Amino acid sequence: MSGEDQTIGSEPAVPSAQQEVPPWRLVSTLGTAGALAGFLIVFVFVATEPTIKAHKAMVLRQAIQEVLKGPASFDTLFVYDGALTAELPAGQDPESMDQIYVGYGDDGSQVGFAMVAAEPGFQDIVQLIFGYEAGSQRVIGMKVLESLETPGLGDKIEKDQSFVREFDGVTSPLVGVKPGRATGDEHEIDMITGATISSRAVIKIINNAIERYSPLIAAHNGGGVQ
Amino acid sequence: MRATTPHQDFTRGIWRENPVLIQMLGLCPALAVTNTVANSIAMGLATFFVLMGSSLLVSLSKRFIPNEVRISTFILIIATFVTVADMSLEAIVPDIHKALGAFIALIVVNCMILGRQEAFASKRPVGRSLLDALGTGIGFIIAMLMMGTVREVLGNGTILGFSIFGSNYEPWVIFILPPGGFFTIGFILLGLNYVQSRRKPKQLVAELPGAGTAGRAA
């Protein structure tokens, strides 16, 4: 975008400044503009941050409700020092810790754990949350939180309800099978045609997360539940 | 110098000199985020907001900006408004913000906006600059909507998420993928140029007697 370009709707370029502009003016112009821009951005950031955070927390809460099939209540457990704990020692920042969520039914019995996990999919990291019943080692629900999979193909891992419902009650470890090859085994997930890599990624994310967390969950539940 | 009336400042950006379809500016967002009508509208409005804000500020402060640093200052102003738009969208419409992803931040490098600052707002009074930004912004939204409608209808069988063909329609998935953006803009431009090439001969004849003053054939 030089001065003499023929942009439509422009006027002939103004003759460039006749007299030399002192350097301090150039610096002060950019400095002032930068400072003003900084103030404005900080102002908007402070104004919008609570809303953005509240929304993220709400999305997470809804997702927990969804994958645990509507628990009466749930608690947050922090992964601290190789164990799950509901109370963090003072001085630890709760937001920086890995968290999993434990849901309870109406009678106070444990209905399952919700875990957030993320790994590479086809295009970018796929982040999902799933519900896991420790006693029966079953996955009870899955919801994709964030993905950039191909629209119309890979994004079926979140938009294709028949795929999402596959995860409502399936025994871990999960095994993906091509459509039509299912044998009715309780570990099987029917994969999506045209989204093989994305469906496989979802299955892998869940299996890895269960592998990672199940010792912690077993210890938390008193060791003998499994 | 071709003097323009305020009316022309406003209307020319809308269609006759449409930023995307005629000037070929801002093609990146027009190709990248027009896979649904909702995304097109959000991107159009965000760009519109940035364009209006920057034009106002550039026009207001043009006396204080030395010629040597004008482009950097324009970019700084544009980037500020983009950041404001980015945060506001995330707070107000988080789902759409998620769908637009990195393309909101990329409004900064939309040549259409910088072009209007350099070519118009930095040389004109505030009122005219706002009219020009208004027209150009509306033109951009129109172009985005044309793209988004074609692509969502063909690629997904829906408009704004409402199914229009019933469940028997097999979506033409390629239209919501990147190649579909190129096909769509290609066919829209083909159609526009065809209409123009048919109109041109008549106009030239009409304008010949007054030769010398004939402006650009529209």
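General observations
- Residues satisfying the stated conditions in the stretch A:172-197, i.e. part of a loop (DSSP other than H, G, I, E, B) and among the acidic types (Asp, Glu): A:ASP185, A:GLU186
Conditions (1) more than 11 Å from chain A (Cβ to nearest Cβ); (2) in contact (Cβ under 8 Å) with a residue 60 or more places away in the chain; (3) not hydroxyl-bearing (Ser, Thr, Tyr), marked per residue:
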position	(1), (2), (3)
B:VAL93	no, no, yes
B:HIS97	no, no, yes
B:MET112	no, yes, yes
B:PHE140	yes, yes, yes
B:ARG151	no, yes, yes
B:LEU154	yes, no, yes
B:GLY166	yes, no, yes
B:PRO171	no, no, yes
B:ILE185	yes, yes, yes
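- Flag for A:ALA90 being over 30 Å from B:SER122 (Cα atoms), modelled with pLDDT under 90 and more than 23 Å from the chain's Cα centre (by Cα): yes
- Answer from A:ILE52, A:ILE8 - the residue that is at pLDDT 90 or above and either facing another protein chain (nearest Cβ under 7 Å) or not in a loop (DSSP other than H, G, I, E, B) (or both): A:ILE52
- Number of residues in the stretch A:161-171 that are part of a helix (DSSP H, G or I) and either in contact (Cβ under 8 Å) with a residue 40 or more places away in the chain or surrounded by 14 or more Cβ atoms within 10 Å (Cβ to Cβ) (or both) equals 2.
- Note on the stretch B:153-179: residues that are more than 19 Å from the chain's Cα centre (by Cα) and in a helix (DSSP H, G or I) total 8.
- Qualifying residue in the stretch B:81-89 (condition: among the hydrophobic types (A, V, I, L, M, F, W, C), at the interface with chain A (Cβ under 7 Å from one of its Cβ atoms), touching a helix residue (DSSP H, G or I) at 6+ places or on another chain (Cβ under 7 Å) and within 30 Å of A:ALA54 (Cα to Cα)): yes
- So B:PHE74, is it surrounded by fewer than 17 Cβ atoms within 10 Å (Cβ to Cβ), within 13 Å of chain A (Cβ to nearest Cβ) and among the aromatic types (Phe, Trp, Tyr): no
- Flag for B:LEU106 being more than 8 Å from chain A (Cβ to nearest Cβ) and part of a helix (DSSP H, G or I): yes
- Inside the stretch A:123-149, residues that are farther than 20 Å from A:GLU166 by Cα and either crowded, with 23+ Cβ neighbours inside 10 Å or in contact (Cβ under 8 Å) with a residue 24 or more places away in the chain (or both) make up a count of 3.
- Pairing residues of the stretch A:197-211 that are on the phi < 0 side of the Ramachandran plot with residues that are aliphatic (A, V, I, L, M) and assigned to a helix (DSSP H, G or I), at Cβ distances under 7 Å and at least 6 apart in sequence or on separate chains, gives A:SER198/A:ILE157; A:SER199/A:ILE157; A:VAL202/A:ILE157.
- Per-region count, the stretch B:171-192, residues modelled with pLDDT under 90 and either basic (Lys, Arg) or within 16 Å of B:LEU27 (Cβ to Cβ) (or both): 1
- The single condition among (1) crowded, with 22+ Cβ neighbours inside 10 Å; (2) within 10 Å of another protein chain (Cβ to nearest Cβ) that B:THR4 does not meet is (1).
The values are calculated or read from the model by the stated rules, or taken from the named source; none is laboratory data. Just so it is clear, the model here is predicted, and its values are computed rather than measured. With ideal geometry, Cβ positions are generated from the backbone for all residues, glycine too; neighbour counts draw on all protein chains shown.
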